[in-house]
1. Sort the following peptides by mean Cβ neighbour count (other Cβ atoms within 10 Å, averaged over residues), highest first: B:46-59, B:116-129.
2. Peptides B:148-156, B:163-171: what's the order by average Cβ count within 10 Å, highest mean first?
3. Per DSSP H run of at least 4 residues, take -39500 (n - 2.57); add these up for chain B, divide by its residues and hand me the 222 nm value, nearest 500 deg cm²/dmol.
4. Could you work out how far apart the two model spin labels at residue B:54 and residue B:142 are, taking each label as a point 7 Å from the Cα in the direction of the beta carbon, and quote it in nm?
5. Would you calculate, for chain A, the mean residue ellipticity at 222 nm contributed by helices, counting each DSSP H stretch of 4 or more residues as -39,500 (n - 2.57) and dividing by all residues, to the nearest 500?
6. Looking only at other chains, what is the average number of their beta-carbon atoms within 10 angstrom of each beta-carbon in B:64-75?
7. Report for segment B:2-230 the percent antiparallel among DSSP-assigned beta bridges with both residues inside it, nearest 5.
8. Rounded if a/c is under 1.5, else prolate if a/b is larger than b/c, else oblate: which is the protein assembly as shown, with a ≥ b ≥ c the root eigenvalues of its Cα gyration tensor?
C-alpha cells in the first residue's frame with residue numbers, strides 16, 4: 001500500500017541537509033508552508049539555497065529562517081517588502097547572496113525543471129540589466145534570453161487537502177507556486193489542513209497528482225476556515241481580529 | 001495648433017478640488033477605465049493602476065487578471081471577511097466574481113508571455129519616446145533590487161498602458177527621450193495616461209491624444225523638453 005503521510009512536521013522535513021536547495025511555496029503569506037519552515041529551522045540545516053517568490057515578511061516562516069542565519073542564497077523575484085527586515089539586514093550585511101529573477105521566468109524555470117526541459121528562450125528581461133552577460137537569440141525577428149531550469153533537493157508546499165497517495169488540492173490564490181514546485185524537487189513535501197480518504201478528492205479537481213509528491217503531513221485547519229467553510233475574522237496574516245477570537249478555530 | 005487643441009481636448013471635470021491644469025488620481029482612473037473595451041482581459045499593476053478597477057463601467061464585462069494566479073478578481077472585502085488565501089499581486093485582500101478561475105504561476109505568466117492578455121496598466125518612473133519602460137528600479141546603489149512580475153507584464157500584454165503623473169515630485173518629466181533608469185522592457189509601452197495629457201507612442205515619438213484642464217501643447221513641450229505634436233488620428 002502506498003502511504004505518503006507522515007505523522008508530524010519533524011518527520012516531514014527529516015533529512016534536509018546543509019547546503020540543500022529548498023523550494024518554498026507561497027506568494028507573500030498566501031500558501032507559505034509556515035509549519036514546515038518552522039520544522040526546517042528545528043532540523044538545523046544551514047547554508048541553504050532558498051527558491052521562493054519572496055524572501056519572507058514579518059518574523060515568521062521564511063523571514064525567521066533567514067533571521068536564524070540558515071540561508072546562504074535566495075533565488076527570488078521580489079525580496080523587498082514593507083516588512084522584509086530580516087532579509088534586508090542579511091542582504092545589506094552581505095550574509096546572503098541574491099539571484100533576482102523576473103517572476104514569470106522564475107515560474108517557467110521551475111516548470112521546465114519539472115518537465116525535463118534542458119533550457120528555453122524567454123522574451124522577458126531582454127534589454128534590461130538582468131540580461132547582461134546572458135546568451136541571446138533572435139527567433140522569428142524577436143530577441144529572447146536563454147533560461148535554465150531550476151531544480152531543487154526539496155520542495156516545501158502548502159495545500160488544502162491531500163490523500164495518502166499524495167494527490168493535492170489547493171485553496172484560491174494560495175495555489176501560486178505549489179503545483180510547479182511539486183514537480184521540480186527530488187523530494188516534495190506538502191503540508192495540508194487535512195488528510196482525506198483515498199477517493200474523497202474529486203479526480204477532476206486534483207491539481208497536483210500524487211506522482212509528484214513524496215510526503216504529506218496534516219497541520220490542522222487554517223484559522224479562517226471551520227469545517228471547510230470560510231468564517232473570516234482574521235487579518236491578512238491570518239491572525240485573529242481583535243474581538244473576533246471566537247471565530248478562529250482549529251489551527252495547529 | 002491651438003485650434004486643433006481646442007477641438008480635441010476636453011476640459012477637466014468640474015471637480016472643485018481638482019487643480020485647473022490637471023486631473024486628480026480618481027479622475028484619471030475614471031478616464032483610463034473609459035478606454036477599456038468590453039470583454040478585455042486586463043492586468044492592473046500595483047499602485048495607482050489598481051484604482052482603475054473601481055471605475056470600470058458596469059455595462060462592460062472586463063476580466064481582471066492578477067499574476068499571482070487568478071482571473072475574475074473583484075475589489076477588497078469588508079473587514080472581517082478578509083481571506084488570507086485570496087490576495088492580489090500587491091498582496092492586498094480581494095474577492096472573487098462568479099466565473100473566477102485560479103491557476104498556478106506558470107499558467108499565469110503564460111497568459112502574459114503567450115499574448116493572451118489584452119492589456120496591462122502599469123506605473124512608471126520613466127517612459128521613452130520609443131516606448132521603453134523603466135518602473136522597477138531607480139538604480140540607487142544601496143537599494144535592494146526587486147522586480148516581481150514587472151518585466152513579464154511589460155513585454156507580455158498586447159497593449160501596455162502607463163498611468164502616472166507627468167512630473168516627478170521634484171518636477172522632472174517622466175516622459176523622456178531615452179530612459180536613464182534601468183529598463184523594465186524595450187519598446188513595450190503603447191500609451192501613457194498622465195495627469196496633464198494622454199500620449200500615444202507612435203513611430204518613436206509621443207503624440208498627444210488629449211489634453212486635460214487648461215494644459216496646452218506648448219506647456220507640455222516645455223515640461224517634457226520633447227518635440228510633441230497632437231495625434232493626427234493616422
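1. Numbers: B:46-59: 16.6, B:116-129: 22.6.
Highest to lowest by the protection proxy: B:116-129, B:46-59.
2. B:148-156, B:163-171
3. Taking each H run of at least 4 residues, the total per residue is -5000 deg cm²/dmol.
4. Between residue B:54 and residue B:142, the label points sit 3.5 nm apart.
5. Calculated mean residue ellipticity at 222 nm is -5000 deg cm²/dmol.
6. Values: counts 0, 0, 2, 5, 12, 13, 4, 0, 0, 1, 0, 0.
Mean shielding count: 3.
7. Numbers: 20 of 38 bridges.
Of those bridges, close to 55 percent are antiparallel.
8. Cα axes put the protein assembly as shown in the prolate bin.
We did not get these values from a lab; they are worked out from the coordinates using the rules stated. None of the values given here were measured: they were computed from a predicted structure. All Cβ positions, glycine included, derive from the backbone under ideal geometry; neighbour counts span all protein chains shown.
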